[in-house]
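The values are calculated or read from the model by the stated rules, or taken from the named source; none is laboratory data. Model, not experiment: these values are computed from the prediction. Here the Cβ positions follow ideal geometry from the backbone for every residue, glycine too, while neighbour counts run over all protein chains shown. These accessible areas exclude ligands, DNA and RNA; they are computed on the full protein's heavy atoms, side chains included. Shrake-Rupley method; radii C 1.70, N 1.55, O 1.52, S 1.80 Å.
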Amino acid sequence: MNSEYTQDVAFNSDFGALQTPVHITTAALLSGWPAHKFAGHFRYLDLACGNGHTLTLLADAYPEAEFVGLDINPTHIEQGQTLARQANLKNLQFFCSDIADAGQLNLKEFDYCTASGVFSWLDEKRQTDLFDVATRALVQGGLFFLDYCALPGITQNATLYGMLQQLSTEYSGSSAEKLKGASQLLAEVRGNNGQFFQQNGQANERFSRLLANAPEDEAHEVLNLQPRSVWSRDIIAKAQSVGLEFVGSAGLHHNIAEFSAHLGLPANSEQFSVATQQMLQDIAWNIAQRKDIYCKGAKPSTSSLLQRIGECHFYFAPGALSDNMIGHITTQFPAANLLTPTIVSLLRDHADCSTINALINKLCERYQAKLASPFLEAEKLVTQLLATRVMSLAKPIAPSSPQGTLCMPSLLNQTLLKQDIHLEHGRPLASPLIGTRLLLPIKDRLYLWALVFGDVGAAWDKLGDLQNAFHDANGQPITKQTFAAIIAQSQPAFNQRVVPELLRLGILQYR
């Protein structure tokens, strides 16, 4: 079955941090649903997986799990398969298929199914097909992640995209060339005081970003967005009609009523259906992009959050408990009222506890005499830590003995480090501890290269135009030899500052 979806240019997919198993599970837990497995063996299906960027990192981080990706673009599938081969990933499969034909693949028995960056770009029939595929593929209790453009926040951008879609029909060539011509034409209107841009600031800002980006990267989003904008209320009802119960939002703070209290939601909103409550929240936040989670054939849990989550391991990222970060979070989310200096100090002292229960027990020991209800306060604290992403759930990982030579055990991470060293913002590295990714700036990736591969000169040769970003103390360009000397001189500081965290994340090991 043919699709009108743009396939003549490849889409440069980003890593989908919100569609990782650990993040989806966290959202479900905060919404009152049972714990879902995000370690050991599970099966994960990604519909419209793009170039497999997300799937390859997940497959590397979860070697005991199985991953399947489906995409209509053969170039995307080839890119994903190539990286999987390079990284020797045996737990990952890719299929080139239209969603309308996915039923012929006999996909079934998945614990997770995700569809990111595709639903609002599909025609109405394929949107229905996508729901059918997800419902059939999921096990009972399986979780479905779906993002889509939603009203009211998408209104201005959807109108902008509609203009570009109409104008692009005046141009020939590839999708990128059509978009480039339409963008230049519309830019003339804006430059001549076009009132649409004067009166619609959100669309004006988006158009500026679009003009600054390569048309190849924008064509998929702009030229495929469907003209029918939707309310979340309708999508939730559609999902329910095929047996998928709304769980919550992958935007974790949206699952906590107190975090929206400052927006003046109606006091009696809880008397309405879940779908209507979500619509009211969308209006209050002016949501443009929904990231919903649904469950097949299960209901919310009757147990408390700590009962469901207490034995889980956790992770505080570097800087997550710093005064600056906590100050930023409490300003953004006034309802996070338990993140006080005293509590945060205690969290720093006990950040090495093995489980959430162990951490809470330490805190309760200190506060037993001051708290009227230690358990309820502890539950509220954990809720706030997770909802603000100060704390993340994590898999247990055995610490390596600090003996021998440091190495990078993941062939995928080695491959990404080598392939992306010339990019200012390279692809992230996979961590088996947190089941997601770690982003490192270019300088830290160069130090990591020196630590793992040794030959810094080879990294310099691959930097290309980025060589111009490095200067000596007088602001003059440096040579390969000077570059190598600078890296060698600064390597001990990197080893002290960053290597312990890379060891904790399982990205480095001793052998």
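Looking only at residues of the range 188-208 that are open to solvent by 70 Å² or more (accessible area, probe 1.4 Å) and not hydrophobic (A, V, I, L, M, F, W, C), we find that the one that is nearest to Gln289 (Cα to Cα) is Gln202. Being open to solvent by less than 30 Å² (accessible area, probe 1.4 Å) and assigned to a helix (DSSP H, G or I) is the filter; apply it to the range 279-299 and report the residue that is farthest from Gly153 (Cα to Cα). So, considering only residues that are open to solvent by less than 30 Å² (accessible area, probe 1.4 Å) and assigned to a helix (DSSP H, G or I), the one farthest from Gly153 (Cα to Cα) is Gln281. Among the residues of the range 234-256, those identified as open to solvent by less than 70 Å² (accessible area, probe 1.4 Å) and without any contact (Cβ under 8 Å) to a residue 40 or more places away in the chain are Ala237, His254.
Inspect the range 219-233 for any residue being under 26 Å from Gln19 (Cα atoms), of a type outside the set (Ser, Thr, Tyr), open to solvent by 70 Å² or more (accessible area, probe 1.4 Å) and in a helix (DSSP H, G or I) and give the result as yes or no. Yes, that holds for at least one residue. Hey, could you check the range 263-276 for residues that are touching a helix residue (DSSP H, G or I) at 6+ places or on another chain (Cβ under 9 Å) and over 22 Å from Ser120 (Cβ atoms) and say which is surrounded by the most Cβ atoms within 10 Å (Cβ to Cβ)? The selected residue is Leu265. Applying a threshold of 9 Å to beta carbon distances and a minimum spacing of six or more residues, or different chains, the list of pairs starting in the range 467-484 at a residue that is closer than 20 Å to Leu423 by Cβ and among the aromatic types (Phe, Trp, Tyr) and ending at one that is in a strand (DSSP E or B) and open to solvent by 70 Å² or more (accessible area, probe 1.4 Å) reads Phe470/Pro477. For beta carbons closer than 8 Å, sequence separation of 6+ or different chains, a first residue in the range 279-307 that is at positive phi and a second that is outside any loop (DSSP other than H, G, I, E, B) and open to solvent by 70 Å² or more (accessible area, probe 1.4 Å), the qualifying pairs are Gly297/Gln140. All told, Leu107 falls short of being at pLDDT 90 or above and crowded, with 20+ Cβ neighbours inside 10 Å. Residues in the range 154-174 that are of a type in the set (Phe, Trp, Tyr) and either out of contact with any helix residue (DSSP H, G or I) (no Cβ under 8 Å at 6 or more places or on another chain) or outside any helix (DSSP H, G or I) (or both): Tyr171 only. Against the conditions (1) more than 28 Å from Asn255 (Cα to Cα); (2) surrounded by 18 or more Cβ atoms within 10 Å (Cβ to Cβ); (3) at pLDDT 95 or above, Thr26 satisfies every one except (1).
Among residues of the range 108-132 that are on the phi > 0 side of the Ramachandran plot, those with a Cβ under 9 angstrom from a residue that is assigned to a helix (DSSP H, G or I) and buried (at least 22 other Cβ atoms within 10 Å of the Cβ), sequence gap 6+ or separate chain, pair up as Glu109/Ala137; Gly117/His220. Asn88 falls short on exactly one of the conditions (1) in contact with a helix residue (DSSP H, G or I) (Cβ under 6 Å, 6 or more places away or on another chain); (2) outside any strand (DSSP E or B); (3) open to solvent by less than 20 Å² (accessible area, probe 1.4 Å); (4) at pLDDT 95 or above, and that condition is (3). Ser354 falls short on exactly one of the conditions (1) at pLDDT 90 or above; (2) within 25 Å of Leu505 (Cβ to Cβ); (3) not in a helix (DSSP H, G or I), and that condition is (1). Checked against (1) free of Cβ contacts under 8 Å to residues at least 24 places away in the same chain; (2) open to solvent by 70 Å² or more (accessible area, probe 1.4 Å); (3) assigned to a helix (DSSP H, G or I); (4) over 25 Å from Ala298 (Cβ atoms), Glu177 meets all criteria but (1).
Check Leu185, Leu151 and return the single one that is in contact with a helix residue (DSSP H, G or I) (Cβ under 8 Å, 6 or more places away or on another chain) and surrounded by 19 or more Cβ atoms within 10 Å (Cβ to Cβ). Step by step, each of Leu185, Leu151 is checked, and only Leu151 is in contact with a helix residue (DSSP H, G or I) (Cβ under 8 Å, 6 or more places away or on another chain) and surrounded by 19 or more Cβ atoms within 10 Å (Cβ to Cβ). Taking the criterion of being among the polar types (S, T, N, Q), within 18 Å of Lys238 (Cβ to Cβ) and assigned to a helix (DSSP H, G or I), the only residue of the range 91-126 that qualifies is Ser120. Whenever a residue of the range 487-502 is within 17 Å of Ile442 (Cβ to Cβ), it has no partner that is outside any helix (DSSP H, G or I) and open to solvent by 40 Å² or more (accessible area, probe 1.4 Å) lying with C-beta atoms less than 8 angstrom away and at least six residues away or across chains.
A search for C-beta distances below 9 Å between a residue of the range 155-172 that is without any contact (Cβ under 8 Å) to a residue 40 or more places away in the chain and closer than 15 Å to Phe197 by Cβ and any residue that is in a helix (DSSP H, G or I) and of a type in the set (Phe, Trp, Tyr), counting only pairs 6+ apart in sequence or on different chains, returns Met163/Phe196. Taking only pairs six or more apart or across chains, which ones have beta-carbon atoms under 8 Å, a first residue in the range 340-359 that is in contact (Cβ under 8 Å) with a residue 24 or more places away in the chain and more than 15 Å from Val390 (Cα to Cα), and a second residue that is open to solvent by 40 Å² or more (accessible area, probe 1.4 Å) and not in a helix (DSSP H, G or I)? From residues that are in contact (Cβ under 8 Å) with a residue 24 or more places away in the chain and more than 15 Å from Val390 (Cα to Cα), the pairs are Ser354/His313; Ser354/Pro396; Thr355/Glu311; Thr355/His313; Asn357/Glu311. Being among the polar types (S, T, N, Q) and buried (at least 24 other Cβ atoms within 10 Å of the Cβ) is the requirement here; does Thr75 meet it? No: the conditions fail for Thr75.
Among the residues examined, Leu211 does not qualify as of a type outside the set (Val, Ile, Thr), open to solvent by less than 70 Å² (accessible area, probe 1.4 Å) and over 22 Å from the mean Cα position of the chain (by Cα).
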